[in-house]
1. Under 9 Å from the Cβ of residue 442, count the other residues' Cβ atoms, weight Lys and Arg +1, Asp and Glu -1, and hand me the total.
2. By counting other Cβ atoms within 10 Å of each Cβ, how are 659, 718 ranked from fewest to most?
3. Sticking with the crude label model, points 7 Å out along Cα→Cβ, report the distance from residue 313 to residue 588 in nm, one decimal please.
4. For 467, 257, 448, 272, which order do you get if you count the other beta carbons within 10 Å of each Cβ and list the fewest first?
5. Express in nm, to one decimal, how much length is gained between residue 90 and residue 329 on full extension, taking 0.36 nm for each residue of separation and deducting their alpha carbon distance.
6. Sort 676, 314 so the one with the fewest other Cβ atoms within 10 Å of its own Cβ comes first.
Amino acid sequence: MGAIGAASPRDARTLSDLTRFVQPGADGSSRFEVLVKGAKCAGCISKIESGVKAVPGVTGARLNLSTGKLQVVWQGAPVAPLAILERVRDLGYEAQPFDAGETLNEGEREGRFLLRCLAVAGFGTVFVMGLTDGIWYGGVDLSPQLRQIFFWLAAAVAIPVTLYAGQPFFRSAARALARRTTNMDVTIGAALILALALSLYETIAGAEQTYFDAAAMLAFLLLIGRYLDYRLRDKAQGAARHLLAMQSQLARRIRTDGVVETVAARDIAPGDRLLLASGDRVPVTARLEEGATEADVSLVTGESLPVDVKAGAKLEAGTVIVGHGVTLLALARADQSLVADLARLLEAGRQRRSVYVRLADRAARLYVPAISILSIAVFAGWIAAGADFAHAMTYAIAVLIITCPCALGLAVPAVQIVATGRLFAEGMLVKSGDALERLADIDTAVFDKTGTLTRGSLVLQNRDAIDAGVLERAARLARASSHPLARALAGAAGLGPVAPGVREVPGSGLEYDDGGTLVRLGSAAWCGAQDAETGEGSALWFREGDGTPVHFELRDALRPDAAAMIAALRARGLRIEMLTGDREATAAAIAAEAGVDVWHARVGPAEKVARLETLRAQGRKVLMVGDGLNDAAAMALAHVSIAPGSAAEVSQLASDMVLRSDRLMAVAGAYDVARKARRLVMENFALATIYNVVAIPMAAIGLILPIIAAATMASSSLLVSLNSLRLNMGGGRS
């Protein structure tokens, strides 16, 4: 039999098999994702990440405790994925390539296994306590021989029950010890074994009391805490698990011989032809080959209504076909799709780590050596004070149990998980683990105008003043051009015919001959109009022959909730500014409508960076919200940044959060959630600290027995998790 932690036949893969799990990055890096099992606390995270970073060539390693996903990154020279797996196993944890479908199955299996162990422990606890209660309450009437029979019956039940129910702790501890490392389950496992051994020793020696009931109940209470922790994490990660489920779906692929076969999404390759019926979800990024249909793109863009999709259109993974069935051409693998990106982005702590997490990591790293020394000191102290071996060991066991740093390890991740899950449901994607922490610190919000506060598309402002027939005749010209002004006018008029023989004159406009009448659409000079400068917006003119030119006023309209969002942030004490490259008149009009008092017009990329540097020099902590290429540098400089879902890719990459919908109020909502999350983190630290300050001395002086220690430790972890879930209660405003 191989060493503990070695790969099972199911996990054993050749190097060529593992390379398919390596994902190339846009910056020349490579990424390999590993499913790690057995990591339970912040100390585990620190040990695994530092251990994997020691593999030659690896430049980064980040473990998400909630999903068990370890993301490993390297640059340049290739790193063997097998070396990474072996390194994690050498540290005492199970490891295999991360697979979305397998992850869901593993999570379900873990839940069932914990529940089964919990049921066995519960049965054993009730049975053993029934025996021992008879001794405690009726002990005066029991002969020593009958009491010994009761103790041996308790041993016959408690020993197998505890050994079976304690498997989650024993397996984890055994893997760690086999690799000459430790984790918190080593001390838990030691406490369980010592409690059984001490009770068996007392039974053989004919003592008047044993701790079999304490051992069984200890396992039961510890499992309650671990199972509730599993359930709370599972609930809080509902959005991420939903995305993982999408990645594990099945799809129908059309083979080259025309036969339709059912395959897993992960097996789809670029160039494969896929057959989707109405109601099917697009499994990978793909292109519609022919025809047209309707699709639900709410996951992708936040758009609530179905959109029309025509031949040649690109469909992101996660899109649902709601029209008739279509044939798609796969453009990428499942792990390179938007759904995969969303799932990765949802993992709190993916990039920079929170200050609070770093503090918890350092504290947890000292856990095993400190607690081991403390337990030995307590044992030695009681022996020196004259206590017998059994009592000294009992108090040492209580210290081992009660000092488990579960509450400390959960203090920050529990809040981050709940916060990112809530924001995702509200349309905000959190990319960075410390983004919420930084968002809670801001005192200034700076907004780009075009595409951020405004829709980014022109809208006809004076439609009511224009005759419907004139609008339609002008639109016949506009439909022949791809110019933004022409497209906006055509959109305002709706579908219709295109004028014949349209000629486009660059820099001027469009014209055609309508039975001897020259019809023009374009600039004021082109159409013979006066007063070309209207003060705001963009002017488009239309003239038929010698008739009076008609003015179409087109302007980038403010988003519906922009003014409400600005008012909400101002009410929270934030200073608001707007930066735009537009001219002063346009900037002034939008600023007045949005309620922005401080604005700067004709601002280029360099000027935006300079403005943020000025604010930072003044001690301001700035939130930058922008969508264009010219905003990316300023967003990277800001204390924290948000990009709309429609933003340029480089701006989304530079941002800490991404809006998945057109609702700007989500910005104010995210600020509220960030402030409440910070308060809950501090409360969790306080709860964990108070627990340790009070409980450890009580256990050391013998006021807390192992069974009470187990209940106290489990309740502290549960209290921290439940306190984190308060983030989902109420409106989130602090």
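1. Summing Lys/Arg as +1 and Asp/Glu as -1 gives +1.
2. Taking fewest neighbouring Cβ atoms as first place, the list is 718, 659.
3. It is 4.2 nm.
4. Working: 467 9, 257 5, 448 28, 272 19.
Placing the least packed residue first, the sequence is 257, 467, 272, 448.
5. 81.8 nm is the gain from fully extending residue 90 to residue 329.
6. Least to most surrounded, the residues fall as 314, 676.
Bear in mind that the values in this text are calculations on the coordinates, not laboratory data. Because the structure is a prediction, the values reported are computed rather than measured. Counting neighbours? That spans all protein chains shown, and the Cβs are built from the backbone with ideal geometry, glycine included.
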